[in-house]
Each structure stands twice: as C-alpha cells, then as structure tokens.
Amino acid sequence: MESEILTVNEKISRLRKLLAQKGLSAWIVNGSDPHRSEYVCDRWQTRRWLSGFTGSAGTVVVTAQQAVIWVDSRYFIQCAEQIRGTCFEMRHLDGPDSSKPSDFLSGMKNVGIAAETLSIAAMREYKAKGVEICPCEDFIDELWVDRPSIPNGYIEVIEDEICGESSDSKMGRIREKMKQDGVNWCLLSSLDDIAWVTNRRGCDVKNTPVFLSYLLIGENDVKLFCGETYGQVFQALEGLSGTVRLDPHKVNLKLFNCIHTKVQEGSDYTVLMKACKNETELNGMRLAHIMDGVAMVNFLAHFKSCKKGEFSELSVIEELEEEREREESYLGPSFDTLAGFGEHGAVVHYRADAESDRKICKNGLLVLDSGGHYLCGTTDITRTVLIGRAAKKQKEDYTLVLKGHLALASQSFPEGTTGHQLDVLAHAPLWNQGLNYFHGTGHGVGFRLSVHEGPHNISVRYKDVPLQEGMVVSDEPGIYREGSHGVRIENLVAVVPSMKTDYGEFLTFETLTCCPYERELIEKSMLTAEEIDLIDTYHSWVFGKLKKLVDRESLKYLEEATKPL
C-alpha cells in the first residue's frame with residue numbers, strides 16, 4: 001500500500017499531537033545522524049522530510065505554537081524559497097540579526113530530541129542556556145511511515161601504496177597517544193575518521209565514501225562495528241572497564257549513556273593525523289587535480305564554443321559529470337554540483353532541479369562549484385564563467401574576489417598561524433569597498449573522504465587550530481548580489497614549507513587546482529603588478545600541466561584562457 005503523502009504543515013500538525021501525547025514542549029531536529037556527520041544518508045534526512053529545506057546544515061525547532069528553522073548565510077535565499085507557504089519561519093545563524101536555537105529555547109522544560117543525534121557537547125550548550133533536554137528514542141518513525149532503512153553497503157580496502165601508511169601503523173600511533181594519556185579504550189564515532197584509520201571506504205552516504213560504523217580501539221585489540229554488527233556497539237560499551245577516551249563533540253548521548261566506567265574527553269587522536277596528509281596522499285591529491293583540470297578544461301572549451309541557449313543549469317551539470325567520467329580512476333562526485341546562472345548564482349548553495357532549471361540564453365555569470373573523488377584523491381573547484389559580454393559591475397566584483405583569492409594563496413606565515421588570522425587577506429579587497437560575504441573562506445578537504453574536513457579552516461570565526469604542513473584547504477572568497485549575480489573563485493591549496501629564518505619556520509600554500517580563471521572577467525586596471533604576475537604564473541603552470549592531456553579541440557581554448565595578461 002502506498003504511504004500517505006503529507007504536506008509540511010500536516011507533518012508539523014501531527015508532530016505537535018505526538019509531542020502533546022509524550023509530554024514534550026518542543027522537538028529539535030538538528031539534521032545530523034548518530035555520527036554527527038555533515039552529510040547524512042537518507043535515513044537521517046529528517047530535517048528535509050519535515051521542513052522541505054534541502055540544504056546540508058540547519059536546525060529545526062517545533063513547539064505547540066511555532067515551527068522555526070535556523071540556517072547560515074549559505075542558505076538564506078534557498079531556505080526562504082523552500083519554506084515559503086508553510087508554517088515555518090526562518091532565522092539566521094550568522095550575519096546581522098543572528099540568533100541560536102538555544103536562545104529561543106532558553107528556560108524551556110521537556111524539550112525532546114533523538115538521543116542518537118545529539119552530541120554530549122551540544123547537550124551541555126543547551127543546558128547552559130537553561131534548556132531541559134529530554135533525550136528520546138527517535139519517534140519520527142511514527143510519522144515518517146516509509147522512512148528509509150539504515151544502509152549496509154559494500155566496504156572496500158584501499159591499498160597501503162595509495163594511502164601511504166598501513167592501518168596497523170595508524171593504530172600504533174593512536175595507541176602511543178593512548179598510553180601517554182593513560183587511556184585503555186578509544187571510541188571513534190566519526191565516519192571519516194574510522195574510514196581513514198582502517199584504510200577502508202564505503203558507499204553508505206551519498207558523495208562521501210564512508211560506511212556506517214563505530215570503532216573501539218583497545219590496548220591490544222580493535223572492534224569495528226558495521227553491517228550486521230553495527231548495533232552491537234551499545235552492549236560492548238556497557239561491558240567496558242578502565243578509561244575510555246572520546247570526543248564530546250562527536251559522540252552521541254545514546255552511546256555515552258551506555259558507558260559505565262571512567263571517561264576521558266578530548267579531540268579524537270585521528271583528527272590531526274588525518275588532516276596532515278603524508279607525501280603519498282599529497283602526491284595523489286596533486287594528480288587528482290590534474291585529472292580534474294582536464295575534465296574542467298574540456299568542458300569549458302565545449303561550453304564556450306556553444307551558442308547561447310544550448311545549455312541549461314542541469315545540462316551543465318550533466319556534461320561536466322560526463323567529462324569527469326571519461327577518466328578511468330574517477331569514482332564519482334565529491335558533492336552535488338552547483339550550477340547557478342544569473343541571479344541563481346547569488347544563492348551560495350543553489351541547486352538546480354527540474355522546476356528551477358534555467359536556460360543559459362543571455363549575457364550573465366555562471367557560478368559552477370563541483371568536485372570529484374578519484375582513486376588517488378578528492379577535488380573541489382569553483383569557477384565563475386562569463387556568458388556573452390560582461391557588465392562593468394560584474395568585472396569589478398570578479399576582480400575584487402580574485403584579488404582576495406590571490407592574496408591568501410600567495411601568503412607566507414609563521415608556524416602556529418591559524419586560518420582565522422589569515423582570513424582578512426581574502427576579505428580585505430571586498431571590505432575596502434563596503435562589500436562582504438558571510439560563508440567561510442576555506443574548509444579542509446579529505447583524502448578520498450569528506451569534501452569538508454576539520455579541524456582546520458579559514459574563517460572570520462575564531463578557531464584555535466594552527467595550519468600545519470600537509471593540510472589541504474580551500475581558498476574561496478565570493479560576492480553575492482541578490483537578484484543579480486554571484487561570483488566565487490575556489491582553488492584547493494596544500495600547506496607546505498616556505499622558509500626558515502632567524503624568526504622561525506614559515507609555511508605557505510601550494511595550489512593544487514589546475515584550471516584557468518575567467519580571463520574576460522579580470523579588470524586588469526584594478527590589479528597590481530604583483531597580482532598580474534601571480535595570475536600569469538598560475539596560468540603558465542596550468543597550460544604546462546594540461547596542454548598534452550586535454551582534447552585537441554580544447555587546446556585553443558586553453559591557450560587563450562592562459563595567455564599572459
């Protein structure tokens with residue numbers, strides 16, 4: 001029998017009846033899974049199912065009177081459109097007039113949430129605001145009758161020659177840390193950390209090659225809970241003795257409540273190990289970006305040669321994917337490709353669908369954000385592409401963004417410097433014109449893992465994590481003019497040694513992404529001689545790496561796109 005199709009308002013109405021029956025004053029949906037993942041499998045797409053909002057981040061709170069969703073600046077426009085006509089109201093997590101769900105719920109009693117989706121740290125944050133959280137079983141099943149089941153896909157082992165380090169070696173490094181800290185057990189809940197330490201990859205989450213699992217590392221043995229044993233972790237935790245190490249930001253309350261022995265809290269040992277790529281991983285990432293550059297240039301060459309109207313946003317996505325699929329070692333997208341033309345480009349994380357798809361049939365800018373997983377690494381690139389003639393404002397915006405992008409990419413900095421300290425370099429050209437963007441400037445990227453990887457970032461928001469040799473991070477400033485156009489330029493860069501002086505060790509960035517900037521959007525009069533040299537040097541490198549690899553019919557485009565300014 002087919003399940004009943006409910007509107008958003010009907011879902012909220014039925015949820016409120018359930019809350020009343022269970023004696024709860026509110027229900028929180030944070031959009032996460034039991035592993036605190038950013039991207040989750042269909043089973044835990046509860047926020048999307050309940051609200052209709054399809055973005056990757058946001059928190060829903062439903063009370064007897066209100067249904068509220070908080071999103072960050074990446075999703076302001078998208079969320080407003082997707083909840084229009086429903087009982088939901090939107091609030092901002094950043095920018096002017098920002099607030100938090102904990103402020104809204106301050107002092108409220110009997111607030112329910114699925115215990116498996118709430119971290120220990122988040123529980124404490126709510127408690128600090130006087131919110132009485134009631135961790136519950138996930139009773140959304142009572143409403144979502146055709147809810148997807150927990151996936152159990154294939155798991156593959158990656159050869160040590162690709163990873164650069166065996167799983168046994170990684171376990172040994174973790175055990176050394178455990179011994180130093182007097183720890184008997186280390187509980188890992190984060191899926192990408194488990195995939196990294198075991199040298200395994202899976203298919204349980206779309207575009208992220210991880211598998212649902214928990215990992216318990218002991219002094220002498222290792223217990224991996226996945227597939228048929230996935231749910232056995234709770235019983236295993238109940239029987240532990242000694243000291244258990246865990247990260248309160250990643251371990252959920254359902255797990256935590258099963259532990260009846262001493263707990264030591266701290267960041268997972270694997271986080272920094274994973275973030276600092278070894279030389280094998282870095283060489284793989286370099287190669288992946290060359291292969292990705294070939295696909296990008298072949299696509300752009302064909303796109304530029306076509307008449308206006310031959311492409312739509314969706315067909316851009318399809319053809320770029322086809323170009324990547326020509327590479328034998330390509331495994332699939334690292335996230336859903338974003339292609340926003342005209343005013344759609346002003347929506348930071350706009351996703352075209354059959355209803356919103358727009359023909360590219362007039363002058364304008366296309367913001368194209370995409371990436372791929374290859375056997376040897378992961379990519380993420382954004383290019384703003386000109387269709388037809390550029391307006392003066394578009395060229396000015398593009399050049400301001402490019403200036404910030406270049407300033408960050410070319411900077412040397414002493415060891416111990418955080419991304420927060422460097423962020424001003426990317427923002428400064430925009431700030432000087434009274435312009436701004438509110439998303440982060442840079443996020444870490446995993447090795448055949450999550451396209452968003454911590455603990456490091458580059459952002460106006462303070463994070464006390466120094467950039468270290470081997471880290472890979474994006475450099476992606478932007479500007480978004482609602483109703484008109486958007487501009488974003490993104491390369492991935494690796495942190496590498498720069499120099500050693502009397503003042504200590506210095507680091508800098510090595511650019512990995514290999515694809516031309518949009519030359520026709522660059523306003524040369526706004527650039528310094530140093531900036532022109534940076535662009536020409538980068539384009540010369542791109543041409544040298546790709547000239548023998550791209551299609552013959554793409555070579556002319558590549559030559560024109562990379563010629564000196």
Counting just the residues of region 289-334 that are among the small types (Gly, Ala, Ser) and either on the phi > 0 side of the Ramachandran plot or in contact (Cβ under 8 Å) with a residue 60 or more places away in the chain (or both), which one comes out most open to solvent (accessible area, probe 1.4 Å)? Ser305
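Would you be able to say whether some residue in region 348-358 is among the hydrophobic types (A, V, I, L, M, F, W, C), at negative phi and at pLDDT 95 or above? Break it down stepwise before answering.
The initial filter retains those residues of region 348-358 that are among the hydrophobic types (A, V, I, L, M, F, W, C), namely 348, 352, 354.
Imposing the further condition that a residue be at negative phi reduces the set to 348, 352, 354.
So of that shortlist, the ones also at pLDDT 95 or above come out as none.
Scanning region 348-358, I find no residue that is among the hydrophobic types (A, V, I, L, M, F, W, C), at negative phi and at pLDDT 95 or above, so the answer is no.
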How about region 359-379: which of its residues are buried (at least 19 other Cβ atoms within 10 Å of the Cβ) and either closer than 26 Å to Ala80 by Cβ or at pLDDT below 95 (or both)? Ile360, Gly364, Leu365, Leu366, Val367, Leu368, Asp369, Ser370
Considering only residues of region 15-40 that are farther than 16 Å from His452 by Cβ and either part of a strand (DSSP E or B) or under 23 Å from the mean Cα position of the chain (by Cα) (or both), which is modelled with the lowest pLDDT? Asn30
Across region 132-151, which residue is surrounded by the most Cβ atoms within 10 Å (Cβ to Cβ) among those that are in contact with a helix residue (DSSP H, G or I) (Cβ under 6 Å, 6 or more places away or on another chain) and over 18 Å from Asn30 (Cβ atoms)? Ile150
Checking the conditions here, which among Val465, Val487, Val550, Val495 is open to solvent by less than 10 Å² (accessible area, probe 1.4 Å), of a type in the set (A, V, I, L, M, F, W, C) and within 26 Å of Arg286 (Cβ to Cβ)? Val495
Residue by residue through region 261-280, note down the ones that are out of contact with any Ser or Thr (no Cβ under 9 Å at 6 or more places or on another chain) and under 27 Å from Ser32 (Cβ atoms). Glu265, Gly266, Ser267, Tyr269, Leu272, Met273, Lys274, Ala275, Cys276, Lys277
When Val473 is run through (1) open to solvent by less than 60 Å² (accessible area, probe 1.4 Å); (2) over 24 Å from Asp72 (Cβ atoms), the failure sits at (2)
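Is it the case, given these coordinates, that Tyr480 is over 24 Å from the mean Cα position of the chain (by Cα) and of a type outside the set (D, E, K, R)?
Numbers: over 24 Å from the mean Cα position of the chain (by Cα): no; of a type outside the set (D, E, K, R): yes.
Against the criterion (over 24 Å from the mean Cα position of the chain (by Cα) and of a type outside the set (D, E, K, R)), Tyr480 does not qualify.
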Any residue in region 183-196 that is closer than 15 Å to Met273 by Cα sitting within a Cβ distance under 7 Å of a residue that is open to solvent by 10 Å² or more (accessible area, probe 1.4 Å) and part of a helix (DSSP H, G or I)? List the pairs, counting only those 6 or more apart or interchain. Asp193/Val271
Tally up the residues in region 77-99 that are touching a strand residue (DSSP E or B) at 6+ places or on another chain (Cβ under 7 Å) and without any contact (Cβ under 8 Å) to a residue 40 or more places away in the chain, please. 9
Checked region 408-424 for anything farther than 30 Å from Tyr330 by Cβ, open to solvent by less than 30 Å² (accessible area, probe 1.4 Å) and either assigned to a loop (DSSP other than H, G, I, E, B) or in contact (Cβ under 8 Å) with a residue 60 or more places away in the chain (or both); matches are Phe413, Thr417
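Which residues, taken from region 197-222, are assigned to a strand (DSSP E or B) and open to solvent by 20 Å² or more (accessible area, probe 1.4 Å)?
Initial filter on region 197-222 (assigned to a strand (DSSP E or B)): 200-202, 205, 208, 213-218, 222.
Those that are assigned to a strand (DSSP E or B) and open to solvent by 20 Å² or more (accessible area, probe 1.4 Å): Arg200, Val222.
Of all residues in region 438-459, how many are assigned to a loop (DSSP other than H, G, I, E, B) and either within 27 Å of His373 (Cβ to Cβ) or modelled with pLDDT of 95 or more (or both)?
12
Hey, any hits in region 387-403 for a residue that's closer than 29 Å to Ile532 by Cα, part of a strand (DSSP E or B) and not β-branched (Val, Ile, Thr)? If you could, list the steps in order and put the result at the bottom.
Let us first name the residues in region 387-403 that are closer than 29 Å to Ile532 by Cα, namely 387-403.
Subsequent filtering for residues that are part of a strand (DSSP E or B) retains 387.
Filter once more, so that each one left must be not β-branched (Val, Ile, Thr): none.
For region 387-403, residues closer than 29 Å to Ile532 by Cα, part of a strand (DSSP E or B) and not β-branched (Val, Ile, Thr): absent.
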Search result, residues across region 269-287 that are in contact with a strand residue (DSSP E or B) (Cβ under 9 Å, 6 or more places away or on another chain), open to solvent by less than 30 Å² (accessible area, probe 1.4 Å) and either over 17 Å from Asn457 (Cα atoms) or part of a helix (DSSP H, G or I) (or both): Tyr269, Thr270, Val271, Lys274, Ala275, Glu281, Leu282, Gly284, Met285
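How many of the residues making up region 152-196 are among the charged types (D, E, K, R), closer than 21 Å to His373 by Cα and open to solvent by 40 Å² or more (accessible area, probe 1.4 Å)? Steps first, answer last, please.
Just the residues of region 152-196 that are among the charged types (D, E, K, R), to begin with: 156, 159-161, 165, 168, 170, 173, 175-177, 179, 181, 192-193.
Now drop any that are not closer than 21 Å to His373 by Cα, which leaves 156, 159-161, 165, 192-193.
When the remaining residues are screened for being open to solvent by 40 Å² or more (accessible area, probe 1.4 Å), the result is 156, 159-161.
So the answer is 4.
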Taking region 223-259 as the search range and keeping residues that are more than 27 Å from Asp168 (Cβ to Cβ) and not in a helix (DSSP H, G or I), which one is most open to solvent (accessible area, probe 1.4 Å)? His249
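The values are calculated or read from the model by the stated rules, or taken from the named source; none is laboratory data. Small disclaimer: the values here were computed from a predicted structure and weren't measured. All Cβ positions, glycine included, derive from the backbone under ideal geometry; neighbour counts span all protein chains shown. Surface accessibility is based on the protein's heavy atoms, side chains included, excluding ligands, DNA and RNA. Shrake-Rupley method; radii C 1.70, N 1.55, O 1.52, S 1.80 Å.
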